[in-house]
Amino acid sequence: MKTRDIVNLSRRRFVAGSLASAAGLTLGILPVALAEQRKSGPGFAGAAPGEAGEFTPNAFLRIDNDGLVTVISKHLEMGQGTYTGLATLVAEELDADWDMVRVEGAPADATRYNNLFWGSAQGTGGSTAIANSFEQLRRAGATARHMLVSAAARQWQVPPAEISVSAGVVEHKSSGRRAVFGELAELAAKQTVPESVTLKDPKEFKLIGKRIPRKDSSEKITGAAQFTSDVRLPGMKTALVLHPRRFGAKVKAVDDTGALAVAGVRKVVEIPSGVAVVADDFWSAKLGRDALKVTWDESGAFKQSSAELLNDYRKLAEKPGSVTRSDGDVEQALGRAENVLEAEYSVPFLAHAAMEPMDCVVRIDDSGCEIWNGEQMQTGDQINVATVLGLKPEQVQINMLYAGGSFGRRANPAADYIVEAVHIARALKKGTPLKLIWTREDDTRAGYYRPMYLHRLRAALDKYGNPVAWDQRIVGQSIIAGTPFESAMVKDGVDRTSVEGAANLPYAIENLRVDLHSPGLPVPVLWWRSVGSSHTAFAGECFIDELAYKAGRDPVEFRREMLLDHPRHLGVLNLAADKGNWGAPLGRGQGRGVAVHESFNSYVAQVAEVSVRRGVINVDRVVIAVDCGIAINPDVIEAQMQGGMGFGLSAALFSQLTFRDGLVEQSNYHDYQVLRIDQMPEVEVYIVPSAEPPTGVGEPATPVIGPAVANAVFAATGQRLRQLPLRLA
Amino acid sequence: MLNLTINGKPRKLDLDPQMPLLWVLRDHAGLTGTKYSCGMAQCGSCTVFLDGDPVRACVTPVSVAAGKEITTIEGLETPAGKAVQDAWKELEVVQCGYCQSGQIMSATALLNRNSKPDDADIDAAMQGNLCRCATYARIREAIKLAGKKLSGGKA
């Protein structure tokens, strides 16, 4: 992009004005010229606002007169490929040259960048980015294309209908005139925004459905990509926080003598979540924190152990809970059945353990607060920060940077680590940028975990081996209780994120009941990649397998018969079974297991092959079939299936966060273990062709692997393992 | 005063000699491509070269690096390094990308020793580099592809 000295304010006012009067609203696009709000800095183009000749038809893209197309992503790129996917939607309808497309993170502004599935809130989660943007961003691209064509038609004095656009070139074939986007940008900006646009027939797609390159690869292989931890601002300080060892403990006394004696340490600040050490750099802050002496008041602190909690949960499971689904008469069916099975499944607390530990940069001055973050929940974070500082939410500006993983952790209704950084920054001289860094130990021990859950299952088979009753009782903390989402997401005592994947069990069983206990605990909990399905798929798909064996049936065939009304479940199940050589013989000590599960409206089946040698479970091969509607980018989908499965495999085989007398027993990757390369199976991914609207792929592979592996272990050894991580007897 | 050579350029820095090289690079040399994740040599995100050998910068005191050639992802310009980066791009290895500087440094070190690594060689060399996005299947393929490119074979 060239440097320009002249800022054409009159044009920009014109653009803003014309958009305001135009039919942008019918497109669901609010008429504000993005350039007005844009600023330079990490996560942004770095361009000065108001480039002459720039074309900003709506909030989602900008074309400069060098032809560079900048797509504004309202969603966080945390590895799931959303920058690539969203840009594909715009570029498809714009008929852009993919090599000339770049992506920039949107500012926090829910009036323009709300997640259409989240009402008026902006944020990323629940595998919704592509699904909620599919039409919105195609319309944004089609609108811009229409205006480029209008500009060409005016310039060449030809009818718009005779103009074609392909790969960033606008052409009038019969007269041989052609122009690239950049040449038309200035004139396009003066065209009327169309009231309606026609979107392509899927048959005409040139980018959607193709394995086109990711937009974030180049900067991520050279170290240039900017993560929150990489932000460097003049005069910036770095803070580490000493958190209490037990949840609920409070600061009683602070002795900061040792900390302040460390070279580079500038300040020690007591904040609601602990005591912060502010220094010139990370290492000084770390040494300062090591030298800090804090006495804690642990009178109200959490002091239980995981084993104790599991026993409490077991007792709770003896009593009826809040019913979320009740078909037929479960008790009667269980009472008169030939064969009744009962089992208990459980999963531990889990940390998200993203490679980038939690971090955040904050600067507070007279105009408000500016934040740099791998930002996953803009609207909630703006409100939380504004509340602490006595600001209006719109005075909280957020620069959305790449996140080094998140898996749900950066979308916290309590905005915990962001608010923590704000409390520290407000204690510093006004305008001082403050970077908060959590160490790995903080990230493991300072909370927000996937809750521990216990499932008690009972089922009955009739004399032909057909399941006639299914009774599932779930016990575990509510993620939603106490958050602003409670009124919308907790109904009749049921947090729907606790029961998703169980309350909607697809199998045709006449008498079916699911109920829930949500005990309160001071352990902070949060959604973790695939949320409720991370435990409901394990319990449900393993117990179905138990029933199949009990009935003497093949586990795939058994499922098929109960999924006749669920063609998309059936489709992925059949594809995975076929590609996974279901039924083919295996060697001694080997076994094959299957699981199928829908989450976030995407359907995934997996066939896992394991071999058990000297008491160790090795997962050798995993075949994955996915139905996520129209496949926007098959390569990204394949990557998410591989990676989402691998993430779930960590939890299936290794990871657990446990308490002993209220203390978290793990601290870093040596004891909170996650999958390594030598433990990664061979993976094959198959995508079901579909014309259905696209659904998410970031999460749905994760919950399926645990039950597939557990079922394979049973096939290999005869041992039915009902607790994660899987441990052979 | 510490005399360092980072990516071929001499740097004089007045710092605690015990400060881990990682924080010298990130906070004092402005090179943020090398990442912090565990601080105890468990994850490999901070992998850099000292005289061509891979080390975990998070547990390497900067004094150990004085007088040696320090190479970070920003200065990875050898044929093996470029081949790895090209293969990473060709096979679309990256997801969140946070661990990938370290993965690329470890993979380059492997190919410097052995341009035709088999799966066991790759496991042994890469086992210390964690990726929570589990890009491992593609890392494996990309290392093999880079090896082929380096030895002049057709990819």
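The values are calculated or read from the model by the stated rules, or taken from the named source; none is laboratory data. Please read all numbers here as calculations on a predicted model, not as lab measurements. Cβ sites come from the backbone with ideal geometry, for glycine too, and all protein chains shown count toward neighbours.
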Considering only residues that are more than 7 Å from chain A (Cβ to nearest Cβ) and closer than 17 Å to A:P357 by Cα, which ones fall in segment B:1-33? B:L22, B:R26
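From the list A:L341, A:L389, which one is away from every other protein chain (no Cβ under 14 Å) and touching a residue at least 60 places away in the same chain (Cβ under 8 Å)?
On the way: A:L389 fails: touching a residue at least 60 places away in the same chain (Cβ under 8 Å).
Result of the check over A:L341, A:L389: A:L341.
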Whether any residue in segment A:587-594 is surrounded by 24 or more Cβ atoms within 10 Å (Cβ to Cβ), within 14 Å of chain B (Cβ to nearest Cβ) and among the small types (G, A, S) is what I want to check. no
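Identify, from the list A:P320, A:P357, the residue that is within 14 Å of chain B (Cβ to nearest Cβ) and either outside any helix (DSSP H, G or I) or closer than 30 Å to A:G79 by Cβ (or both). Can you show your working first?
Numbers: A:P320 fails: within 14 Å of chain B (Cβ to nearest Cβ).
Exactly one of A:P320, A:P357 is within 14 Å of chain B (Cβ to nearest Cβ) and either outside any helix (DSSP H, G or I) or closer than 30 Å to A:G79 by Cβ (or both), namely A:P357.
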Pair list, Cβ < 8 Å and 6+ apart or interchain, from segment A:58-73 residues that are at positive phi and assigned by TED's automatic domain parsing to the domain that holds A:P194 to residues that are surrounded by fewer than 24 Cβ atoms within 10 Å (Cβ to Cβ) and in a strand (DSSP E or B): A:G67/A:V180
The correct count of residues that are under 29 Å from A:T128 (Cα atoms) and surrounded by fewer than 24 Cβ atoms within 10 Å (Cβ to Cβ) in segment A:533-569 is 9
If you check every pair at least six apart or on different chains, which have Cβ atoms under 6 Å apart with a residue in segment A:691-707 that is part of a loop (DSSP other than H, G, I, E, B) first and a residue that is charged (D, E, K, R) second? A:E699/A:R529
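Which of the residues spanning segment A:639-670 are over 19 Å from A:P707 (Cα atoms), out of contact with any helix residue (DSSP H, G or I) (no Cβ under 9 Å at 6 or more places or on another chain) and at the interface with chain B (Cβ under 10 Å from one of its Cβ atoms)? Full working, then the answer.
Going through segment A:639-670, the residues over 19 Å from A:P707 (Cα atoms) turn out to be A:639, A:657-670.
Checking which are out of contact with any helix residue (DSSP H, G or I) (no Cβ under 9 Å at 6 or more places or on another chain) leaves us with A:661-662, A:670.
Selection gives A:H670 alone.
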I'd like the residue in segment A:195-232 that is in contact with a Phe, Trp or Tyr (Cβ under 8 Å, 6 or more places away or on another chain) and within 24 Å of A:V362 (Cβ to Cβ) and, out of all such residues, is farthest from the other protein chains (Cβ to nearest Cβ). A:T228
Would you check if A:N618 is in the same structural domain as A:P703 (by TED's automatic domain parsing) and in a loop (DSSP other than H, G, I, E, B)? no
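Take the residues in segment A:344-354 that are out of contact with any Cys (no Cβ under 9 Å at 6 or more places or on another chain) and within 14 Å of chain B (Cβ to nearest Cβ), then tell me which one is nearest to A:G476 (Cα to Cα). Please lay out each step first, then the result.
Filtering segment A:344-354 down to residues out of contact with any Cys (no Cβ under 9 Å at 6 or more places or on another chain) leaves A:344, A:346-353.
Adding the requirement that they be within 14 Å of chain B (Cβ to nearest Cβ) leaves A:350-353.
On the way: A:L350: 13, A:A351: 16, A:H352: 18, A:A353: 21 Å.
So, considering only residues that are out of contact with any Cys (no Cβ under 9 Å at 6 or more places or on another chain) and within 14 Å of chain B (Cβ to nearest Cβ), the one nearest to A:G476 (Cα to Cα) is A:L350.
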Some residue of segment A:552-572 being of a type in the set (F, W, Y), touching a helix residue (DSSP H, G or I) at 6+ places or on another chain (Cβ under 7 Å), under 25 Å from A:N339 (Cβ atoms) and modelled with pLDDT of 95 or more: yes
All positions within segment A:498-524 that are surrounded by fewer than 20 Cβ atoms within 10 Å (Cβ to Cβ) and among the hydroxyl-bearing types (S, T, Y): A:Y507
When segment B:62-73 is checked residue by residue, the ones that are assigned to a helix (DSSP H, G or I), crowded, with 17+ Cβ neighbours inside 10 Å and more than 11 Å from chain A (Cβ to nearest Cβ) are B:A65
Limited to segment A:417-476, what total is found for residues that are at pLDDT below 95 and within 14 Å of chain B (Cβ to nearest Cβ)? 0
For the subset of segment A:334-369 comprising residues that are outside the structural domain of A:Y453 (by TED's automatic domain parsing) and surrounded by fewer than 20 Cβ atoms within 10 Å (Cβ to Cβ), which member is nearest to A:A411 (Cα to Cα)? A:G368
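Mind checking whether some residue in segment A:663-679 is farther than 29 Å from A:D578 by Cα, in a strand (DSSP E or B), hydrophobic (A, V, I, L, M, F, W, C) and at pLDDT 95 or above?
Quick first cut of segment A:663-679, residues farther than 29 Å from A:D578 by Cα only: A:663-674.
Then keep just the ones that are in a strand (DSSP E or B); that gives A:663-664.
Next cut, hydrophobic (A, V, I, L, M, F, W, C) only: A:663-664.
Narrowing further to those that are at pLDDT 95 or above: A:663-664.
Yes - at least one qualifying residue is present in segment A:663-679.
With A:L287, A:L309 as the choices, which residue is assigned to a helix (DSSP H, G or I) and under 30 Å from A:R456 (Cα atoms)? Give the steps one after another, and end with the answer.
Details: A:L287 fails: under 30 Å from A:R456 (Cα atoms).
Result: A:L309 is the single residue among A:L287, A:L309 that is assigned to a helix (DSSP H, G or I) and under 30 Å from A:R456 (Cα atoms).
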Filtering segment A:392-414 for residues that are away from chain B (no Cβ under 14 Å) and either touching a Lys or Arg at 6+ places or on another chain (Cβ under 7 Å) or of a type in the set (S, T, N, Q) (or both) leaves a count of 4
If we take segment B:86-155, then helices (runs of 4 or more DSSP H) inside it with 1 or more residues that are in contact with a helix residue (DSSP H, G or I) (Cβ under 6 Å, 6 or more places away or on another chain), modelled with pLDDT under 95 and farther than 24 Å from A:K210 by Cβ are B:136-150
Residues in segment B:74-90: is at least one within 20 Å of B:L4 (Cα to Cα) and at the interface with chain A (Cβ under 9 Å from one of its Cβ atoms)? yes
Filter segment A:61-105 down to the residues that are closer than 13 Å to A:R145 by Cβ and either within 14 Å of chain B (Cβ to nearest Cβ) or in contact with a strand residue (DSSP E or B) (Cβ under 6 Å, 6 or more places away or on another chain) (or both) and list them by number. A:L61, A:I63, A:V69, A:V90, A:A91, A:D95, A:A96
